[in-house]
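Remarks on the structure that follows.
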Amino acid sequence: MNLLGRKEYFASFISRQLKLERPSKLSKQVTCELDDFSRLFDSYSSFDVSRRKRVVVDCRKFISKLSIQYKDKFQISSPKLVFKSSKLSSSQDKQFLSLSSNISHIPGVGPKIIKLINRLNINCVNDALLYYPRDYIDYSNTKRLSNLISGEYTTIIATIRRCSIYKSPRNPNLVIFDLFLADITGRIKVTKFFVGKRFSNYSFIRNQTKLFLAGLKVAVSGLVKEDKFGLSFKDPIIELLDNDNSKIKSDIIGQIVPIYSLTEGLNSRKFLSIIQYIINHLKYVIDPIPESIINDNSLVSLNTAIRNIHFPKNSNSLSKAKQRLVFNEFFFLQLGLLVQRITEKQFTPPSFNNDFMESGLVGKFLELLPYELTCAQKKVLNEVSNDLKSDEPMGRLIQGDVGSGKTVVAIASLLKAVEFGWQGVLMAPTEVLAKQHYSNLCRWFPHLNVSVDLLTGSTTQRSRRVIFDNLSSGGLKIIVGTHALLEEKVIFSRLGLVVVDEQHRFGVNQRNLLLKKGLHPHLLTMTATPIPRTLALSVHGDLDVSLIDELPPGRIPVITSVLDASNRSRAYDLIRREIQKGFQAYYVLPLVDESEKLDLRSAVEVYHELTNNIFPELNIGLLHGRMAPFEKEAVIQKFAKQEISVLVSTTVIEVGIDVPTATVMVIDNSDRFGLAQLHQLRGRVGRGSASSECILINSGSHPLSSERLSILESSQDGFEISEADLRLRGPGQALGTKQSGLPDFVLANLVDDKEILIAARKSAEVLISKDPHLDNCKMLKTELSRHWNQLVSRSQLN
């Protein structure tokens, strides 16, 4: 049929379109064929139905072929946006703000707004500038209608074909505004909803109809969505343009819009206006970082970074602003750590002036060992020995995988302190681990006539008094304990060496409290959580790092496999087989009790299930953090004596339990743990000469869960696993605890910004090498003090 449109018939319209001016790039043959099709449509009305169909089909095929053939040759550029002069231009009035100015100095910010802003911990201008956007919506991506992609934030400029505005038949207070738009590449319908009585009155509807006339240009920003009717915009922002060269007046259309985490009662428009006023009226901020460092790292100025982090002109300016501000955070951290280390090295420490391997307590201890030290242990012992002989206090971290022999190095170091007439202390984060260390020391020290004792939260008052007296008199040479060691009543006679295990679980203040109990004692820290370099620079940037990367001979790698929850019975079969051979098993879960919020199995639930249904013939034990210390100790001792066959536990067994006859580790809901933590738990088995297995039961449905757990199946390398954990879960989780010791960065991310961290460390080292006490950088020194105090107060920096 030759349908009649609003102005002309179908055939006439097609013929006219085919005769329009054509691009010069079209070949002569194509031009002739277009002319032929135009003539056919001129005669369209005289054709029968069959021939009409053939003409339409042939023409569509030809045009489709042309669109593919000339697609790259006729790319239509995206529309260009012109903006009205920015509100962030230099202020004409003379009322300027300093970084210390109170928020109340900003016009329009009254008591009510101040109260809401204070909830965000914003009290002054500097606080507001450091309250960075949590995200951005990028409307700067302009496109033609034919290039729109669902799911993208985009801005278009198009011509109004017609406008329709009407009340919803179901809701009289809902007005629906439809704009039918077109550009050179296509058409689209944009719908906006107005809710409220003020929008449903006749005058509003009439005014909108008069404003949005056919033929006028509009700019539209929003999220492109697709439904059964095609592409459209979700919650579009629309601005009517006077002409083709009109400037965009909106603060949102075509721009990158910051999104802030706000409190109830404080809307984003008001907060944006406050930030705009601050930046517009802010005095020039003097950059405390030397210009040479800024230039060497190709960084933008601090003022530019502050402006562009809140109101970026484009994605490139936002990226450069982030780079500069992230560099600042890392630089002040690294500079603070280096200054702290220099300060510590100024003091004269206890002196131990001969080698470890010479005769004496250390030599006798090494002779008592039933095995020879690995090359890695000898190398680290030599490094520690050199530190202890120097005229600067030692600050060293020993990293080593589970079972690599870090404790032997620590014991040798403590014995060296005793040999030279000093006392030593070993602090652990949990009572279980402290007791394990104490037990190890008790195996060797009686043979060497060295006194050792244990101080934890469960130590009786009577025993405490004896310990305190012996420490202060110098009769007690070595003390092992938990945070109880930090009590004021703990006074040493001559503290020469502080050993801290699982270093990342302690804060800088806790560590310093222990160090202050001696006269600049040496510090040796240990961790079995392998820490990638970027994390080590942040958590242990003030320490020298030693690595024990070799396991003792005879240690058999733990066979690891992943099971779906539906195959849990296979884990039960393995446990039964190993127990029949005379071995034992751990069964670890993430929760103590059932949770209404989390659909996870709990330790108590599984304990009853194993006891009553699965292994009624076996002695099952239960261990978790809510138990009293004496109850936990009793369970651990029973398991060590093989009076318990299967120990159901939470992660309290992660460190500090050493039972060589345990050969099976089953971790249920393993998808709820980090890889580094799973690796630590796996290290509880395989401590004897028998082959051991670790079963990871995956109850997660997400494909990423299986991908994560498969890393443990294929690798026994703690550093490789830790790197993967850092990549997949982020730095805070990679250390396996909320008490991670990580600085509380505002903008920086250790995973995404590791190259900036390394550059900041290098710059800090160069600066400190030239000016150790920052005597030539007074402003930087003042700013460093402020940054460092903030970091220490809100972090657990080590």
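The values are calculated or read from the model by the stated rules, or taken from the named source; none is laboratory data. Please read all numbers here as calculations on a predicted model, not as lab measurements. Here the Cβ is made from the backbone with ideal geometry for all residues, glycine too, and neighbour counts use every protein chain on show. Surface accessibility is based on the protein's heavy atoms, side chains included, excluding ligands, DNA and RNA. Shrake-Rupley method; radii C 1.70, N 1.55, O 1.52, S 1.80 Å.
Observations on the structure shown:
- Gyration tensor verdict on region 605-671 (Cα atoms; rounded if a/c is under 1.5, prolate if a/b is larger than b/c, oblate otherwise): rounded
- 5 Å binning of all Cα-Cα separations within region 142-205, expressed as whole percents from 0 upward: 4, 17, 22, 17, 14, 14, 11, 2
- Reported to the nearest whole Å, the Cα centre-to-centre distance from region 474-505 to region 105-152 is 49.
- Pairwise alpha-carbon distances in region 118-173 exceed 13 Å for 77% of all pairs.
- Within the accessible area of region 200-257 (1.4 Å probe), percent carbon and sulfur: 51 percent
- Here the relative contact order of the chain, from alpha carbon pairs under 8 Å that lie six or more residues apart, stands at 11 percent.
- Between the helical axis of 268-280 and the longest alpha-carbon principal axis of the chain there is an angle of about 80 degrees.
- Its Cα gyration tensor gives the chain an equivalent ellipsoid, and the semi-axes of that ellipsoid, as √(5λ) in whole Å with the largest first, are 67, 36, 25.
- Computed FRET value (nearest 0.05) for ARG16 with ILE76, which takes r as the C-beta separation and R₀ as 25 Å: 0.70
- Between the C-alpha center of region 228-255 and that of region 306-328 there is a gap of 25 Å.
- Expected 222 nm ellipticity per residue - DSSP helices of 4 or more, -39500 (n - 2.57), all of the chain, to 500: -12500 deg cm²/dmol
- Probe 1.4 Å, protein heavy atoms only - accessible area per residue of region 103-155 in square angstrom: 50 Å²
- Ranking LYS167, LYS778 by solvent-accessible area of protein heavy atoms (1.4 Å probe, all protein chains present), from largest to smallest, gives LYS778, LYS167.
- Database remark: amide H of GLY700 closer than 5 angstrom to the amide H of ASP671 (H placed geometrically; neighbours at sequence offset of 5 or more, or on other chains; Pro and chain starts carry no H).
- Working note: Karplus 6.51/-1.76/1.60 with θ = phi - 60° gives region 323-337 the couplings 4, 5, 6, 5, 4, 4, 4, 5, 5, 5, 5, 5, 5, x, 5 Hz, where Gly and Pro are set to x.
- Among the protein heavy atoms of region 606-716, carbon and sulfur supply 48% of the accessible surface, probe 1.4 Å, non-protein parts ignored.
- Solvent-accessible area per residue for region 1-73 (1.4 angstrom probe, square angstrom): 79 Å²
- Cα long-axis angle, helix 568-580 against the chain (0 to 90 degrees, to the nearest 10): 10 degrees
- Sorting 326-336, 471-481 by their mean Cβ neighbour count within 10 Å, with the most densely packed peptide first, gives 326-336, 471-481.
- Solvent exposure of region 239-280 amounts to 50 Å² per residue of accessible area, where only protein heavy atoms count and the probe is 1.4 Å.
- Percent of C-alpha pairs per 5 Å bin, region 177-301, short to long: 2, 7, 12, 14, 16, 14, 11, 8, 6, 5, 4, 2, 0
- Secondary structure note: in the chain, about 45% of the DSSP beta bridges are antiparallel.
- Region 313-395 - percent relative contact order, Cα under 8 Å, separation 6 or more: 39 percent
- The amide H of ILE248, built 1.01 Å from its N in the peptide plane, has VAL82, PHE83, LYS84 as neighbours under 5 Å, considering only residues 5 or more places off or on other chains.
- Degrees between helix 718-729 axis and first principal axis of the chain (Cα, 0 to 90, nearest 10): 40 degrees
- Projecting the Cα atoms of ASN2, THR31, GLN17 onto the dipole axis of region 1-44, where Lys and Arg carry +1 and Asp and Glu carry -1 at the beta carbon, places GLN17 farthest toward the positive end.
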